[in-house]
Amino acid sequence: MLVLYETAMGFALFKLTDSAKLTDPNLYQEFDTPERANELLKLKSLHRFTSTATAVEEITSIQEGKLGKGLKEFLNKNKEELVIVDPRLGAFSFVITDLDTLDLFRGIRSQLGALLNGLDPKDLATMSLGLSHSLSRFKLKFSPDKVDTMVIQAIALLDDLDKEINIYAMRVKEWYGWHFPEIAKILSDNLAYAKVVKLMGFRTNAIKTDFAAILPEELEATIKAAAEISMGTEISESDLAHIHALCDQVISISEYRAQLSEYLRNRMVAIAPNLTAIVGELVGARLISHAGSLLNLAKHPASTVQILGAEKALFRALKTKHDTPKYGLIYHASLVGQAPPKLKGKMARMVATKTALSVRVDALTDADEKSTPSAPSIGLENRARLEARLRALEAESDAAGVRRFATGPHHQKRVKLDPAVSTYNPAADAVGLVSTQREPIESAVKATLDVQEEKRRAKEERRAKKRAEMEKAAELTADGDADADAMEVDGKEGSDEKKHKRRKSDVVAAVEDGAVAMEGVETEAERKARKQARKAEKAAKAGKADREASSKKRKSKATE
């Protein structure tokens, strides 16, 4: 009986002198000394590894449960009953005993130097260390999770770059808007805005600057016209230098984002061609990133793929007993986005089903098969079916709306026009033709007016805010003065009553004047008499008020 043992140096076959000792419970005692170990096992053959790459390949094959090319040739030369430690090689070996051989292989490992005819244990340890390092590097190099890591990092960096570009572009528009505010209404693209500001500089240079490489002719003419009538303030060379530096940042980050997007697309086509064919590289990368890896995403059912990314909404709906969400990250797929609002939920469910099948194909397919032109065939076929199904659903929806107008027992009655009703006058449409193309100067004027209107609204808001603050301060001051006036009530009570009575008499007089004016029949003598009577009444009331005030003062002095 032969015993196969793998070492860092190669494969060794030992001849077992006494097969009956395999069932002996005291088998470990046979390896107490090198002499007893040599009596039990004799080295019959040794297959040495020719290089480190060969050793890594053979050991990797054994770990995967396969026979390497060298091991297969080595065993074909020694066709006898074989004892191995790895049961996964049972299908490839000639005869494997069902005995417990762990004690045997522990003893071989302890006396390996003596069994290999005086091999130095230090040399064997050095070879084992080198082989283990090479094997670890090989596993890291060809790890299936490594490509997933690159995709996860790439999509995360892509989202961060989008945020940075938006922040920097907003700062450029706010900063340069003090000098040329109208350009923000004309250009909405952040990259084009940064390039125009970088090329133009001051707005006075717009007339002699050629924007043909950046903008179409219509926008170029509009910007030049707006620069002539701009109401922006002046800036210095130092301000413009810092604005240009910020524009350089926006341009460079945008260019790098385009490169990263292309890199991500190539990676997704390489590792998940079917997933990319159905939902696109961005949505596919976000699904992989959210699941953790391509293999983890393949383990999810279609119902989980459908709501992946909407976990908070799902648990909130379950807690409050409301409707659960119909879609998560998969909502951004083009197939779901182009569906009508009523069909988005149904389309998301169908896309999630085909996505789950495509992900499993991508996760379980070898890397060599993914690089073939026919790799995304399943994804393309499923996408074609989904598009056909979407068209069929849209046709059914349209047919349901038109069905009530079809001919049948409940068809619509014919409408008869009443001759008494006035007919349509086509002459009323004879108006002057208005050009649908806006002139550059009109666009520039509109942009200027919009900026002026915004500034006017901001100014009114500031005035209203300031007025409210002043009223609030006045109320606080009035409340503070009320406490101080409480100490001087006796001295001012007479004058306050006098003012109140005068105000009341003025109101009465105004009412009387209004009544007389309405009548319109009063003579001049009556008017003079009425005025004299009113004056006398006022004098009497004033004298009475003065007397009351003086009497109060005397009383207060008497009490003191």
| task | Could you list, in sequence order, all residues of the range 356-376 that are open to solvent by 60 Å² or more (accessible area, probe 1.4 Å) and within 30 Å of the chain's Cα centre (by Cα)? | result | Leu357, Arg360, Leu364
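The rows are residues; the columns are (1) within 26 Å of Gln111 (Cβ to Cβ); (2) aliphatic (A, V, I, L, M).
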| site | (1), (2) |
| --- | --- |
| Tyr28 | yes, no |
| Asp32 | yes, no |
| Glu39 | yes, no |
| Leu43 | yes, yes |
| Leu46 | yes, yes |
| Ser51 | no, no |
| Val56 | no, yes |
| Gln63 | yes, no |
| task | Go through Ser143, Ser93, Ser61 for me and flag whichever is modelled with pLDDT under 80 and open to solvent by 30 Å² or more (accessible area, probe 1.4 Å). | result | Ser143
| message | I'd like to check something: does the range 37-50 contain any residue that is at pLDDT 75 or above, more than 58 Å from the chain's Cα centre (by Cα) and basic (Lys, Arg)? | response | yes
| request: Identify the residue in the range 186-217 that is open to solvent by 50 Å² or more (accessible area, probe 1.4 Å) and in contact with a Ser or Thr (Cβ under 9 Å, 6 or more places away or on another chain) and, among all such residues, is nearest to Gln249 (Cα to Cα). | output: Leu191
| message | Out of the residues in the range 159-193 meeting the condition of being in a helix (DSSP H, G or I) and in contact with a Lys or Arg (Cβ under 6 Å, 6 or more places away or on another chain), tell me which one is nearest to Ile229 (Cα to Cα). | response | Ala184
| task | Look through Ser303, Ser289 and report the one residue that is among the hydroxyl-bearing types (Ser, Thr, Tyr), in contact with a helix residue (DSSP H, G or I) (Cβ under 8 Å, 6 or more places away or on another chain) and surrounded by fewer than 17 Cβ atoms within 10 Å (Cβ to Cβ). | result | Ser303
| message | I'm checking my understanding of the structure. Among residues of the range 311-328 that are within 20 Å of the chain's Cα centre (by Cα) and open to solvent by 40 Å² or more (accessible area, probe 1.4 Å), which one is nearest to Gly284 (Cα to Cα)? | response | Tyr327
| Does Gly280 qualify as being surrounded by fewer than 19 Cβ atoms within 10 Å (Cβ to Cβ) and at positive phi? | yes
| Lone qualifier among Leu246, Leu308, Leu335, Leu264 - being under 12 Å from Val151 (Cα atoms), in contact with a helix residue (DSSP H, G or I) (Cβ under 8 Å, 6 or more places away or on another chain) and either surrounded by 16 or more Cβ atoms within 10 Å (Cβ to Cβ) or among the hydroxyl-bearing types (Ser, Thr, Tyr) (or both) | Leu264
| note | Being in a helix (DSSP H, G or I), basic (Lys, Arg) and under 19 Å from Ala395 (Cα atoms) narrows Lys354, Lys312, Lys344, Lys319 down to just Lys344
| said: If Thr17 satisfies all but one of (1) polar (S, T, N, Q); (2) within 24 Å of Leu129 (Cβ to Cβ); (3) open to solvent by 70 Å² or more (accessible area, probe 1.4 Å), what's the number of the condition it fails? | reply: (2)
| message | Suppose we filter Lys504, Lys466, Lys538, Lys553 for residues that are at pLDDT 80 or above, basic (Lys, Arg) and open to solvent by 100 Å² or more (accessible area, probe 1.4 Å); which single one remains? | response | Lys466
| remark: Here the residues within the range 195-222 that are part of a helix (DSSP H, G or I) and without any contact (Cβ under 8 Å) to a residue 60 or more places away in the chain are Lys195, Val196, Val197, Lys198, Leu199, Met200, Arg203, Thr204, Asn205, Glu217, Leu219, Glu220
| said: Here is a check on your reading of the model: is Leu433 modelled with pLDDT under 55, of a type in the set (A, V, I, L, M, F, W, C) and open to solvent by 100 Å² or more (accessible area, probe 1.4 Å)? | reply: yes
| query | Is there any pair with a first residue in the range 153-169 that is more than 22 Å from Lys195 (Cα to Cα) and a second that is in a helix (DSSP H, G or I) and open to solvent by 50 Å² or more (accessible area, probe 1.4 Å) whose Cβ atoms are under 8 Å apart and which are 6 or more apart or on different chains, and what are they? | reply | Ala154/Tyr263; Ala154/Arg267; Ile155/Leu282; Ile155/Arg286
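The values are calculated or read from the model by the stated rules, or taken from the named source; none is laboratory data. Not measured: the values here are computed from a predicted model. Methodologically, a virtual Cβ is constructed for each residue, glycine included, from the backbone with ideal geometry; neighbour enumeration extends over all protein chains shown. To get the accessible areas, we keep the full protein, side chains included, count just its heavy atoms, and leave off ligands, DNA and RNA. Shrake-Rupley method; radii C 1.70, N 1.55, O 1.52, S 1.80 Å.
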